[in-house]
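Presented below is the structure to which this report refers.
No lab work stands behind these numbers, since they all come straight from the coordinates. All figures in this text were calculated on a predicted structure; none of them were measured in a lab. With ideal geometry, Cβ positions are generated from the backbone for all residues, glycine too; neighbour counts draw on all protein chains shown.
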Ligand SMILES: *Cc1c(COP(=O)(O)O)cnc(C)c1O
């Protein structure tokens, strides 16, 4: 299978090349030139497999230049029990209407581990295949969770260095501490004065600047990306949609062939796009529900057909979704427009120049046939945490709460009774302060760890071990830089 660019000007490349290069040279995003198809009996057969085996099967459909041994090694290592002590992606059935797919049982307690535990394997195998003699230099812009998950994934991986940039005041205390305490000889972390879009734009500008790439190449490095613009980040996320589906069949919540809805707390549009790929491959999905916080640019786009980033940027209590430019929407538009690269080029230059573009009514109706969209502010998010805890005895983090509310409102407003899977993207212990406030607890004077203990006492749930350990971990990274200094910072560590 070959990989092409959403902007249409990149020669098709192998999956190995798409993965180590990250971004296409024409500025577009790589995607496969065809979509593999699974029958219902292929899907049924996944039921008997472990999560690693399911991953080898699905990922192997796209990475056709990887051998079975290479894929099995990658998935077996990434989803080993030491990385996911409980299960990689368990489904919790709440009632006859809703199930929750818990994607946060990895090392950093956020769903980013699902992809970032395996990406280093896919990447280093790709480098070997393509006989790249350079070291790979991973640049990450993070709104909180990607950074830590990427640091964990790449820590001390031979042939790699990783540099993470995060918005100084745009992440939670626990997220900041998770990154600041990261061990490893090849890891570097910088706080940037600015918001997430500033840091993401900074990283994108470095990637698309040939002069900077040359300077880095002269030092023996080749840039790559661990953000969800990288196909190697996206493809592992397709797996858990299939995995959840076959688990629901095994739990007898649905019958094989029944449709389900997926409701996804969304920021950069990577997670929900992976779900759309699963549907295109043959997974029986009725609707995707795209859930956003007060940064509701996607909600407006899906409801009205105008993408307009000219709006206030809010720091919310679901910080990993505080985004105004959702990179992966570009891939979705490419797919839904039937591969119209010219159209995508037009939208993206309008977005660059004016911060806005509008799609045609025909294209909008195709978008709406696949997706519905809802957004909620912080107060509504907190109320939802309380409601679900009280009524269903299930503890939500702030991101998942946004999605839970969207799933409920979608059901009420449309009358669609399809069983709905809510993707849970973070452990509540990663956002204890807001979860406790939602449960009307007094947290005055409590530090993050005391808050976690309080939350654990109330809910009866254990604190994820690696979050508890942060209390005594050594802080190793304290640099704060301006957004204009990101390239300088990179050069300073090489
Ligand atoms: C990254 C993240 C999201 C958003 O996922 P996208 O793939 O960027 O849409 C949602 N919730 C949490 C907790 C995250 O870390």
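In this rough spin-label picture, where each label sits 7 Å from Cα along the Cβ direction, the residue 87-residue 379 distance is 3.9 nm. Hey, how many Å between the Cα centroid of the stretch 271-305 and the Cα centroid of the stretch 309-353? If you average the Cα positions of each part, the centres end up 13 Å apart.
Bridge orientation summary for the chain: considering DSSP beta bridges with both residues in this region, about 25 percent are antiparallel.
Annotation for the stretch 1-65 versus the stretch 215-249: alpha-carbon center distance of 10 Å. Residue order for 450, 185, fewest other beta carbons within 10 angstrom first, comes to 185, 450. Over the Cα atoms of the stretch 35-139, the radius of gyration divided by the Kirkwood radius equals 1.02; this is the Rg/Rh ratio.
Convex hull volume of the Cα atoms in the stretch 348-494, per residue, in Å³? Write out the running numbers ahead of the final one.
Numbers: hull volume 32.0 nm³, N = 147.
Normalising the Cα hull of the stretch 348-494 by residue number yields 218 Å³.
How high is the relative contact order of the stretch 341-407? Use alpha-carbon pairs under 8 Å, at least six apart in sequence, and give a whole percent.
So the answer I get is 23 percent.
For the stretch 277-372, relative contact order (Cα pairs under 8 Å, six or more residues apart, normalised by length) works out to 37 percent. Which values of log₁₀ I(q)/I(0), to two decimal places, follow from the Debye formula for the chain at q = 0.06, 0.08, 0.11, 0.13 Å⁻¹ with a uniform point scatterer at every Cα? Ignoring solvent entirely, the Cα scatterers give -0.24, -0.44, -0.88, -1.31. Pairs of Cα atoms nearer than 8 Å and 6+ residues apart set the relative contact order; for the chain it is 19 percent. Here the peptides 458-465, 108-115 are ranked by packing, the mean other Cβ count within 10 Å, and the order with the highest first is 108-115, 458-465.
Can you figure out the FRET efficiency of residue 214 with residue 39, using R₀ = 45 Å and their beta-carbon distance, to the nearest 0.05? The computed FRET efficiency comes out at 0.40. Please work out whether the stretch 266-370 counts as rounded, prolate or oblate from its C-alpha gyration tensor, where a ≥ b ≥ c are the square roots of the eigenvalues and a/c under 1.5 means rounded, while otherwise a/b larger than b/c means prolate and anything else oblate? Here the stretch 266-370 falls in the oblate category. Overall shape: oblate for the stretch 412-486, with the ratio a/c of the largest to smallest alpha carbon gyration tensor axis at 1.5 or above and b/c at least equal to a/b. The modelled label-to-label distance between residue 469 and residue 134, using points 7 Å beyond Cα along the C-beta direction, is 3.4 nm. Each stretch of four or more DSSP H residues adds -39500 (n - 2.57); spread over every residue of the chain, this sum gives -13500 deg cm²/dmol at 222 nm.
FRET efficiency for the residue 250 to residue 413 pair, using the beta carbon distance and R₀ = 30 Å, is estimated at 0.45. Sorted ascending by nearby beta carbons within 10 Å, beginning with the fewest, 494, 324 become 494, 324.
Only residues of the stretch 164-195 count here: report those whose backbone N is under 18 Å from the spot 7 Å along Cα→Cβ of residue 447, or say none. Counting only backbone N, you get 172-182.
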